[in-house]
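Next up is a structure, given as structure tokens.
The values are calculated or read from the model by the stated rules, or taken from the named source; none is laboratory data. Keep in mind it's a predicted model, so treat the numbers as computed, not measured. Methodologically, a virtual Cβ is constructed for each residue, glycine included, from the backbone with ideal geometry; neighbour enumeration extends over all protein chains shown.
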Amino acid sequence: MCNVKFSYAIYDPLSVPNNRVGVHVLSPDELESASKLVNNNREGEWGYITVPIQAGDRDHTKWTRFMNRASELKVIPIIRVATYANEKNWAKPGSNDLIDFANFLNELPWPTKNRYVIIFNEVNRPDEYGGTVSPEKYADILNNSIDIFKSRSDKFFVLPAGLDNAAPNSSGYIRHDLYLQRMYNQQKEIFNRIDGWTSHSYGNPGFVTSPAISGQNKADSFLYDLKILKKYTQKKLPVFITETGWSNTLPQSTVASFYQYAFTHLWSNDQVVTVTPFLLMAGTPPFNKFSLLTKNGDQTLAYETISSFATKGEPQIDPRVTPTPSETITLSPISPPNEGGDQEGVLSTTKTQSFIEKIISWFTKVVSKGKASKTITVDDKTLQVEVVTSALDQQIGLSKHQSLDPNNGMLFLSKDKSQKIFWMKDMKFDIDIVWIADHSVVGVSQGYFKTPLQLIYSPGKVDTVLEVNPKSNIKVGDKVEY
């Protein structure tokens, strides 16, 4: 059972000196080469790198090494989560994907306080969204992802998928403005809840159009997005242009001049945090036409032009804290990248099933012995409860039980009063979740084991949570003594 604070304590990246130069890479292995571009061979500092991570690529050692090296090189990562390629399409994401990504990314040693995460890619294209586009489903997924990531850490800076602003409104595609309208119709607060805006501001059509030409599918398309978003939110959203560029079918000098113009006249806008052109290096089709390095690794004129705009950024740095064993222990198997699943707890997902089963078996035996037990009264009811206080115990909760005896329960104590979020992952039976503040019941929620991934919020700030059998008849205002 998950027990967490819920807040949005992240800083505005434009409130500090900022190096807006960045680049998009396909692999974390390109970090060293990318850092030379975004920091102009150390003339600048803290440029940005957009890098995708697929569901099957959650290698803790690999990505920890990436984050540690990013800190050393003074590079800010923007992680775009992705599912996996399924024939011609990217598989549709599900709730388990979000949970597994949030758990995994929360374990990594991010170099800056803001942890920039993009939730999937160009979701108004059918090939990027399982073959069938649905703004309504994506709005729900994005809304859920904000809850899930923020419940892991208030440092996550959640960004929506960049849209394909050149997509037609036909053949399974949905035009970007209509897509945004349908997202808003589905989730009225969605654009108030995101932390920033993601733009793919290419020089369309054909990736050859001059940046001096303005339009909703041109190099300044982010401005058209912001104009649309004013209908849905009053927030001044920081803009992350995570894909842009021109085809190298144009002469090198032309592409370089286009970047020079765009950085000087378009992307100097006071809402733009970074521009990460697509792509640092691609040796083969279809992406090689955007490559800023040649097949031999030589720098193009466009590379040199982009790099010349690097400055010295001063982001807020995240102090390094060595995780405790309770923060790094792995108990859950890797979830398949689709909807479904009934695992419980906010736990990492990086080991093999056999190891996990042994750990769970051992841990269940241990936690069932020697736990603090307490008799409490709620109004006129007397209950025998197991008291849990540690983060790991709270994550496991009642999931180790097949049922709960009458007049028994579990009591979650915390040191402070805050909003709490629970879920029913891996639970085998329904419960009542009783929210308590200052020894008084302030709310009662129902937890249904058949909806394990639904997030259940306390009605306000609470300091104690009680889990009991369903239909407990406990009500708001009941006094709690223990």
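Would a scan of region 103-121 turn up a residue that is aromatic (Phe, Trp, Tyr) and either free of Cβ contacts under 8 Å to residues at least 12 places away in the same chain or within 19 Å of Gly56 (Cβ to Cβ) (or both)?
yes
Matching residues to (1) more than 21 Å from the chain's Cα centre (by Cα); (2) surrounded by fewer than 22 Cβ atoms within 10 Å (Cβ to Cβ); (3) in the same structural domain as Ala282 (by TED's automatic domain parsing); (4) under 30 Å from Gly130 (Cβ atoms):
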site	(1), (2), (3), (4)
His24	no, no, yes, yes
Ser27	no, yes, yes, yes
Ser33	yes, yes, yes, no
Glu43	yes, yes, yes, no
Pro52	no, yes, yes, yes
Ile76	no, no, yes, no
Asp100	no, no, yes, yes
Leu108	no, yes, yes, yes
Arg115	no, no, yes, yes
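Taking region 409-428 as the region of interest, how many residues are under 14 Å from Ile456 (Cα atoms) and of a type in the set (Asp, Glu)?
Qualifying residue count, region 409-428: 0.
Scan region 162-206 for residues that are of a type outside the set (Lys, Arg) and over 28 Å from Gln419 (Cα atoms) and report the count.
Total meeting the criteria: 28.
Looking only at region 220-248, how many residues end up being more than 23 Å from the chain's Cα centre (by Cα) and part of a loop (DSSP other than H, G, I, E, B)?
Residues of region 220-248 that are more than 23 Å from the chain's Cα centre (by Cα), as a first pass: 220-221, 223-224, 227-228, 230-231, 245-248.
Within this subset, residues satisfying the condition of being part of a loop (DSSP other than H, G, I, E, B) are 220, 230-231, 245-248.
Within region 220-248, residues that are more than 23 Å from the chain's Cα centre (by Cα) and part of a loop (DSSP other than H, G, I, E, B) number 7.
Every residue, every condition in (1) more than 21 Å from Tyr116 (Cα to Cα); (2) assigned by TED's automatic domain parsing to the domain that holds Ile49; (3) β-branched (Val, Ile, Thr), yes or no:
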position	(1), (2), (3)
His176	yes, yes, no
Tyr179	yes, yes, no
Phe191	no, yes, no
Pro205	yes, yes, no
Val208	yes, yes, yes
Ser214	yes, yes, no
Ser221	yes, yes, no
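If the Cβ limit is 6 Å and pairs must be 6+ apart or interchain, which residue in region 305-320 that is surrounded by 14 or more Cβ atoms within 10 Å (Cβ to Cβ) pairs with which residue that is of a type in the set (Gly, Ala, Ser) and not in a loop (DSSP other than H, G, I, E, B)?
Filtered contacts from region 305-320: Thr305/Ala256; Ala310/Gly47.
Then there is this: For region 9-48, what are the residues that are among the hydrophobic types (A, V, I, L, M, F, W, C) and closer than 22 Å to Asn296 by Cβ?
Val23, Val25, Leu26, Leu31, Ala34, Leu37, Val38
Considering only residues that are hydroxyl-bearing (Ser, Thr, Tyr) and within 25 Å of the chain's Cα centre (by Cα), look in region 413-470 and name the one that is modelled with the highest pLDDT.
So the residue we want is Ser458.
A follow-up question, please. Taking the stated definitions as given, is Lys88 over 30 Å from Asn40 (Cβ atoms), crowded, with 21+ Cβ neighbours inside 10 Å and of a type outside the set (S, T, N, Q)? Reasoning before the result, please.
Details: over 30 Å from Asn40 (Cβ atoms): yes; crowded, with 21+ Cβ neighbours inside 10 Å: no; of a type outside the set (S, T, N, Q): yes.
So Lys88 does not fit the description; no.
Which one of these is surrounded by fewer than 18 Cβ atoms within 10 Å (Cβ to Cβ) and in contact with a Leu (Cβ under 6 Å, 6 or more places away or on another chain): Asn473, Asn407?
After applying the criteria, what remains is Asn407.
Give the number of residues within region 258-291 that are part of a helix (DSSP H, G or I) and surrounded by 19 or more Cβ atoms within 10 Å (Cβ to Cβ).
Selection size over region 258-291: 6.
OK, next. Of all residues in region 288-322, how many are of a type in the set (Asp, Glu) and under 31 Å from the mean Cα position of the chain (by Cα)?
Number of matching residues: 2.
Name, by its number, the condition in (1) over 30 Å from Thr264 (Cα atoms); (2) among the aromatic types (Phe, Trp, Tyr); (3) at pLDDT 95 or above that does not hold for Phe149.
(3)
When you go through Phe149, Phe157 one by one, which is the residue that is outside any strand (DSSP E or B) and in contact (Cβ under 8 Å) with a residue 40 or more places away in the chain?
Every option except Phe149 fails the conditions.
Right, another one. Based on this model, can you work out whether Leu266 counts as of a type outside the set (Lys, Arg) and under 20 Å from His24 (Cβ atoms)?
Answer is yes for this residue.
Please verify whether region 57-80 includes one or more residues that are touching a residue at least 60 places away in the same chain (Cβ under 8 Å) and among the β-branched types (Val, Ile, Thr).
There is at least one residue in region 57-80 that is touching a residue at least 60 places away in the same chain (Cβ under 8 Å) and among the β-branched types (Val, Ile, Thr).
Here is a yes/no grid of residues against (1) buried (at least 18 other Cβ atoms within 10 Å of the Cβ); (2) not in a loop (DSSP other than H, G, I, E, B):
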residue	(1), (2)
Ser170	no, no
Tyr179	yes, yes
Asn192	no, yes
Ser199	yes, yes
Pro211	yes, no
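Which one of Glu72, Glu87, Glu107 is within 25 Å of Ser170 (Cβ to Cβ) and not aliphatic (A, V, I, L, M)?
Only one candidate qualifies: Glu87.
Return yes or no: is Gly409 under 27 Å from Asn144 (Cβ atoms), of a type outside the set (Ser, Thr, Tyr) and either out of contact with any strand residue (DSSP E or B) (no Cβ under 8 Å at 6 or more places or on another chain) or not assigned by TED's automatic domain parsing to the domain that holds Lys150 (or both)?
no
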